[in-house]
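Trainee: The structure is given below, and queries will be raised subsequently.
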Amino acid sequence: MNKRKTGGEAEAKAVRFLCDNGVKILKRNFYTRGGEVDIIGLHDGYVVFFEVKFRTDDRCGDPAEAVDSYKKRHIVYAAKYYLYKKHYPVETPVRFDVIAITGDNYNWIKNAFECC
């Protein structure tokens with residue numbers, strides 16, 4: 001199994017799902033030295049940083065459980081850098097969401113974790 005290909009397909013599914021649910025996509029796969037964000041979008045007045053996790057089934061648990069403190073720290077680092085690089089004001093409302101995909105089921109966890 002090619003994990004990069006599978007991950008890319010899951011992210012493409014997530015983008016379609018998010019667009020269908022009113023999210024304006026700003027960027028996909030934003031990389032920095034210290035972290036990466038799968039999808040960045042605008043939703044309900046927030047700049048939202050999305051982490052996408054995919055599992056073919058639930059035998060290994062909920063995909064959202066894979067977003068541990070290490071991963072969160074790296075997402076937050078990349079998010080802060082993105083906001084700085086794009087000249088967003090400090091008071092910009094920000095949210096960190098997880099899109100957990102199990103097979104064909106989507107679970108959008110809004111405000112999955114806090115920034116700091």
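All of the numbers you see were taken from the coordinates with simple rules; none came from a lab. If you're wondering where the values come from, they're calculated on a predicted model, not measured in any experiment. Counting neighbours? That spans all protein chains shown, and the Cβs are built from the backbone with ideal geometry, glycine included.
Trainee: I want to verify the translational diffusion coefficient of the chain in µm²/s; compute it with Stokes-Einstein, Rh as the Kirkwood radius over Cα pairs, at 37 °C and 0.692 mPa s. Numbers along the way, then the final one.
Mentor: On the way: Rh = 14.4 Å.
The estimated diffusion coefficient comes to 228 µm²/s.
Trainee: Separate question: Using helices alone, I'd like the mean residue ellipticity at 222 nm for the chain: each DSSP H run of four-plus residues gives -39500 (n - 2.57), total over residue count, nearest 500.
Mentor: Numbers: 2 runs with 35 residues, N = 116.
Counting only the DSSP helices, I get -10000 deg cm²/dmol.
Trainee: A follow-up question, please. Can you list the residues of segment 77-110 with backbone N under 17 Å from a point 7 Å past the Cα of Asp62, pointing along Cα to Cβ?
Mentor: 96-110
Trainee: At 7 Å along the Cα-to-beta-carbon direction for both Arg73 and Leu42, put a label point, then send me their distance in nm to one decimal.
Mentor: 3.3
Trainee: Please compute the net charge surrounding Lys110, taking Lys and Arg as +1 and Asp and Glu as -1 over other residues with Cβ under 14 Å from its Cβ.
Mentor: -3
Trainee: Relative to the longest principal axis of the chain, what angle (0 to 90°, nearest 10) does the C-alpha long axis of helix 3-20 take?
Mentor: Computed tilt is about 70 degrees.
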